[in-house]
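Step one of this worksheet: look at the structure below.
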Amino acid sequence: MSDQVPPPTEPPAGQPYAPAFPSYPTGGPQSYDPRRSMPPPSKTKAGWALGLACFPGLITWIISLILAIQVISDSKHRPGNGKGMAIAALVIIPLWIVLIVAVLIGDAADDADRDVSGAVTRSGEVLVTEVRTGDCIVNGFDDKVMYTVDVTPCAEPHALETYATFDLERGDYPGDKEVERLTTIGCVDRFGAFVGVEAAKSELDIAYILPAERSWEKNRNVACMVSVGKPSTGTLKNSRR
């Protein structure tokens, strides 16, 4: 009887070992394709077309128009890729044009008309720097800064009549009080030649438009006006009042 312990039995050759964890086929390494999250090229173009159409400007409108036409052309082969936005861009551009034309026409309609002699023939606005001798002003002035005034033919009711215009001397701005003093002197000196009686003896009131410091270098024009103190018709020239 042998006391030897038989060696442990080894597994048969070729017997597979069970893996510690089950494995499954993965189909190869996974990669991220950024193109999956990007909108189609036509939709991107349509977005640009719509965005540019919303900004007024000839260059932006031309670019928007080109992009919108490209998108609509591409949509014949790839429907649904931004065609709606492209059409919206093509609608917005004409609307902008209509709006701008309407504003320009409206501004032109507000401007006063003059005949060949410069007399006002239709009521409207003029810049204060464009007021001329003989212009009748619809309303009186307050103490605020003005850029335009309403003029009308003097046969229509008006508050003021312009009887003289002149420029103050060049140089550094002399200050508000000095500008007002020089304006008053100039308007008083020119009053008699228009009304037919000196300002000191007249029953009429004097008003004026004087230059502001901010525009002194380009505009030193003064406009002198006469008034009866209430709206009137006709001219006060040679009225001797």
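With a ≥ b ≥ c the root eigenvalues of the C-alpha gyration tensor of the range 169-241, is it rounded (a/c under 1.5), prolate (a/b larger than b/c) or oblate?
prolate
Between the DSSP loop rule and a limit of at most 16 other Cβ atoms within 10 Å, which chymotrypsin sites (Phe, Trp or Tyr not before Pro) in the range 171-241 are left?
Trp216
Just going by the charge dipole of the range 196-241, with Lys and Arg at +1 and Asp and Glu at -1 on Cβ, which of Tyr208, Thr233, Asn221 is farthest out on the positive end?
It is Thr233.
From Cα pairs below 8 angstrom and at least 6 apart in sequence, can you work out the relative contact order of the range 82-241, rounded to a whole percent?
Across the range 82-241, relative contact order equals 21 percent.
Mind ranking 168-174, 63-69, 43-49, 179-185 by how tightly packed they are, going by the mean number of other C-beta atoms within 10 angstrom, highest first?
On the way: 168-174: 11.3, 63-69: 19.6, 43-49: 21.1, 179-185: 15.0.
Highest to lowest by the protection proxy: 43-49, 63-69, 179-185, 168-174.
Here, each number is a calculation from the coordinates, and none is a lab measurement. What you are looking at is a predicted structure, and each value in this text was computed from that prediction instead of being measured. Ideal geometry is used to build each Cβ from the backbone, glycine not excepted, and the neighbour counts take in all protein chains shown.
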